[in-house]
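One structure is given here, and the rest of the page talks about it.
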Amino acid sequence: MKWLVSSRPRHDIETRLQKSGRADLHLEQNADYVSRGVDAYIDYKMSDLLAQYKETYADRDPEVLEELHKVENEVAKELRRKADGTFLWVALVFKQIKEEECNVDGILAFVRKMPPDLNRMYEQMMAQMINRQDGNFRFCQQALLVAYRPLRLSELARLAGLPILAVPRDIELLCGLFSIRESDKTVSFVHQLANDYLMNTASKLSARIFPDGHADGHRTIVIRSIAAMNEVLQKDICSLGRPGFCIIDDQTPHLDPLKSILYSCVYWIDHLCEMASDHDRIGLCDNGSIDAFWKNHFLHWLVALSLTRSISEGVAAISKLASLLEAIQSLKHIYTNR
């Protein structure tokens, strides 16, 4: 476990492990080991990829199988030349090969077009996504980039305005540098470096995803969260039949009705507080959409938080909202008295 944790050069990890005995392994100083590891990874991924094609060509002439073997060697050679000892670069190339559903005779040309630099790879992937998708792409990206945790597919569909029954593979294609974890159907970055790149870049690409800055993404999440909760929340939403139901009992409430709005219930106020302005525009005013939501669903919201064991987060959220309202009132008072 120490080896796994300390393999990432982060100062906070280094500080925590300083007092305990440990063996330092600096991969940067052992480039030969890394290179051999990347080569082995390429061989493994190529073998896995070519196995799919070999099934198609299993009944062909030996010449065809020999040509297939040549393609495998040529592609592996090109990957080793460009990878420069970077596992992530190799993983991203194979991710794109899978998404593009390349034919066996097109793999080599596809790999040759791949830029050897990770940032250029990110730029190319995201540019391709933006250019071939409709407006849903930008909302999908915004939701994932500003979210406080990985989103389930059903949550992403709500927040990005996608169809509830959207095909997972289509969503993965829509998201670019994100991948779907099969175990719990959550969408997350393929790597932390991808997150850092998209959040910190000052390129035109970032401007296309966030034309009005990151506040645009927070605003979208607030608006769609309110709409989703208005649509889903209701009295006795999980059909428990008993107001005094204790969630620590062996009986676990059936939470299916809440799955698509779990993120919205817990985090919508956090996103609201990230907005520096335009609060009236999203209904944070007397008789606005947020006021109407509180009047119609405040108790339903508390029940949802209780059923998902998130009451403490709800209390903290209400405190944040109260502070935000006080700050807004103070600003209005200042402008009124000028």
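Residue 286 satisfies every condition listed in (1) assigned to a loop (DSSP other than H, G, I, E, B); (2) open to solvent by less than 50 Å² (accessible area, probe 1.4 Å) except (2). Count of segment 71-111 residues, restricted to those that are within 18 Å of residue 191 (Cα to Cα), in a helix (DSSP H, G or I) and among the charged types (D, E, K, R), is 3.
Residues in segment 304-325 that are at pLDDT below 90 and either surrounded by 14 or more Cβ atoms within 10 Å (Cβ to Cβ) or more than 14 Å from residue 272 (Cα to Cα) (or both): 306, 307, 308, 309, 324. Candidates in segment 247-265 are the residues that are at pLDDT 70 or above and either of a type outside the set (A, V, I, L, M) or in a loop (DSSP other than H, G, I, E, B) (or both); of these, the one that is surrounded by the fewest Cβ atoms within 10 Å (Cβ to Cβ) is 256. Just one of (1) modelled with pLDDT of 80 or more; (2) more than 30 Å from residue 224 (Cβ to Cβ); (3) open to solvent by 10 Å² or more (accessible area, probe 1.4 Å) fails for residue 148. It is (2).
Considering only residues that are among the aliphatic types (A, V, I, L, M) and under 28 Å from the mean Cα position of the chain (by Cα), which ones fall in segment 61-111?
As a first pass, look at segment 61-111 and keep what is among the aliphatic types (A, V, I, L, M): 64-65, 68, 71, 75-76, 79, 83, 88, 90-93, 97, 104, 107-109, 111.
Residues satisfying the conditions are 79, 83, 88, 90, 91, 92, 93, 97, 107, 111.
Beta carbons closer than 8 Å, at least 6 apart along the sequence or on distinct chains, pair a first residue in segment 58-72 that is open to solvent by less than 100 Å² (accessible area, probe 1.4 Å) with a second that is at pLDDT below 75 and not in a helix (DSSP H, G or I) for 64/57; 65/57; 68/57. Looking at (1) free of Cβ contacts under 8 Å to residues at least 40 places away in the same chain; (2) within 30 Å of the chain's Cα centre (by Cα), can you tell me which one residue 290 breaks? With (1) free of Cβ contacts under 8 Å to residues at least 40 places away in the same chain; (2) within 30 Å of the chain's Cα centre (by Cα) applied to residue 290, the lone miss is (1). In segment 96-104, is there at least one residue being touching a Phe, Trp or Tyr at 6+ places or on another chain (Cβ under 6 Å) and in contact (Cβ under 8 Å) with a residue 12 or more places away in the chain? Yes, the conditions are met somewhere in segment 96-104.
Within segment 151-174, take every residue that is open to solvent by less than 40 Å² (accessible area, probe 1.4 Å) and modelled with pLDDT under 75 and give me the one that is farthest from residue 97 (Cα to Cα). Here the residue is 166. Restricting attention to segment 198-242, the residues being assigned to a loop (DSSP other than H, G, I, E, B), within 20 Å of the chain's Cα centre (by Cα) and at pLDDT 85 or above number 0.
The values are calculated or read from the model by the stated rules, or taken from the named source; none is laboratory data. Remember, it's a predicted structure, so these values are computed and weren't measured experimentally. Using ideal geometry, Cβ is built from the backbone for each residue, glycine included, and neighbour counts are taken over all protein chains shown. When the accessible area is computed, the model is the full protein with side chains, heavy atoms only, and any ligands, DNA or RNA have been set aside. Shrake-Rupley method; radii C 1.70, N 1.55, O 1.52, S 1.80 Å.
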